[in-house]
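The values are calculated or read from the model by the stated rules, or taken from the named source; none is laboratory data. The structure presented is a predicted model; accordingly, all values stated were derived computationally and were not measured. Counting neighbours? That spans all protein chains shown, and the Cβs are built from the backbone with ideal geometry, glycine included.
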Ligand code: 8YV
C-alpha cells in the first residue's frame, strides 16, 4: 500500500476514503511533527493537503520519497510550489468543480452588501422594524463591476453579473483573449471606475497586499469591496481602516488573513458581510473536490500523470 501523509484537517468522508486506499499517516501539529514520523517518513510518496494547512519546504524535505501533493482546493498558496518543482514533486489542485459555487457566493455577497440582506435580517430579528424602516440601500442592476483576476471563477461571476445588466471591466496580468469585457491594466483606475470591486485572483506572493489603501481610496465612499479569493490579497488593516473611516461604502468578505480569526473591528460594522470561507462549501461541490483529490492520486500512481496538475 502506498504511504500517504495527510497534512491538516480534511473532510471526514475524504479521510475515510484515503484511509481505505492508502497507508494513511497524519501530520496535524505543524512542521516540527515531521520529526515524529521517524522511519516511516522514508516511505511516504504522497501528501493530501488543503488550503488551511501549509505544506512547507521543511515538510517536503523530511520526505525523501515524496512524489505528489494533492491539494483539496483550487488555490495552492499553502504549498511551497517552487520547492516542489525543484524536488520534481507533482502538485495537483481541484479546479473547475468549484467554479460555479464560488461564483454564486460572489454574487450573493455583492447583492447582500449592497441591498442589506444580512443587515436587514439582523434588524428584523432584533425587533427594530417596529420602530421604523431601515435606511435605503444601494441599487445593483446596471451598475459597474470591476473584477480583479478574470480566471475561471471571475468569468463565472461575470456571466452571472451580465444577467443583472452590470457593466463589467477587469484587470489581471494581461488581457484575456475572447472575453467581452473591457481590460483595465491599472488596478487603481479600475477601482475608481467600479461601484463593486470583486477579487477572484489567486493568493500567494504575487498578489499579497494588492488591494492596498490607495486602491480602496480609489474605490471611494460609494464603492463596495467583495473578496472570495484569499485574505492575503488585501491589506487587511487598510481595509478595516477604510471601512471604519467611510473611505469605502462596505465590504463582503468570505476570506481573511488569519482564518478563522476575523478582525474584531469588523464584527460591529453593519455595512460589512462576513462569511466563514464557504464559497466552495456546498455538499455537491465539496464531494466533487474530494473525488478529484482521489482521482489525482490514483491517476498519478497508475500513469505517472495527475489529472489536474498545477
Ligand atoms: C478551500 C478554497 O480549499 O479552493 C480553494 O482554494 O479556498 C476552498 O475551496 C476549502 O475551504 C478547503 O480548505
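Here residue 252 meets each of (1) outside any loop (DSSP other than H, G, I, E, B); (2) free of Cβ contacts under 8 Å to residues at least 60 places away in the same chain with one exception, condition (2).
Residue count for region 73-92 under the criterion of being out of contact with any helix residue (DSSP H, G or I) (no Cβ under 7 Å at 6 or more places or on another chain) and farther than 18 Å from residue 149 by Cα: the result is 7.
For residue 144, are the conditions met, namely being more than 23 Å from the chain's Cα centre (by Cα), surrounded by fewer than 17 Cβ atoms within 10 Å (Cβ to Cβ) and either away from the ligand (no atom under 16 Å from the Cβ) or in the same structural domain as residue 45 (by TED's automatic domain parsing) (or both)? Quick ask: steps written out before the conclusion?
On the way: more than 23 Å from the chain's Cα centre (by Cα): no; surrounded by fewer than 17 Cβ atoms within 10 Å (Cβ to Cβ): yes; either away from the ligand (no atom under 16 Å from the Cβ) or in the same structural domain as residue 45 (by TED's automatic domain parsing) (or both): yes.
The answer is no for residue 144.
Could you please find all residues in region 272-281 being buried (at least 16 other Cβ atoms within 10 Å of the Cβ) and either part of a loop (DSSP other than H, G, I, E, B) or more than 16 Å from the ligand (Cβ to nearest atom) (or both)? Let's see the steps before the verdict.
Applying the first criterion (buried (at least 16 other Cβ atoms within 10 Å of the Cβ)) to region 272-281 yields 272-275, 277, 279-281.
Selection gives 272, 273, 275, 277, 279, 280, 281.
In the set (1) in contact with a helix residue (DSSP H, G or I) (Cβ under 8 Å, 6 or more places away or on another chain); (2) not assigned by TED's automatic domain parsing to the domain that holds residue 249, residue 38 fails one condition alone, (1). Among the residues of region 1-16, the ones that are within 27 Å of the chain's Cα centre (by Cα) and either surrounded by fewer than 17 Cβ atoms within 10 Å (Cβ to Cβ) or part of a strand (DSSP E or B) (or both) come to 10 in all. The listed residues are 128, 139, 152, and the only one of them that is assigned by TED's automatic domain parsing to the domain that holds residue 195 and surrounded by 15 or more Cβ atoms within 10 Å (Cβ to Cβ) turns out to be 152.
Every residue, every condition in (1) in the same structural domain as residue 208 (by TED's automatic domain parsing); (2) free of Cβ contacts under 8 Å to residues at least 24 places away in the same chain; (3) touching a helix residue (DSSP H, G or I) at 6+ places or on another chain (Cβ under 6 Å); (4) part of a loop (DSSP other than H, G, I, E, B), yes or no:
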site	(1), (2), (3), (4)
229	yes, no, no, yes
248	yes, no, yes, yes
256	yes, no, yes, yes
270	yes, no, yes, yes
289	no, no, no, no
293	no, no, no, no
299	no, yes, no, no
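The number of residues in region 165-211 that are touching a strand residue (DSSP E or B) at 6+ places or on another chain (Cβ under 9 Å) and surrounded by fewer than 16 Cβ atoms within 10 Å (Cβ to Cβ) comes to 11. In the condition set (1) over 24 Å from the mean Cα position of the chain (by Cα); (2) in a loop (DSSP other than H, G, I, E, B), residue 52 is compliant with all but (1).
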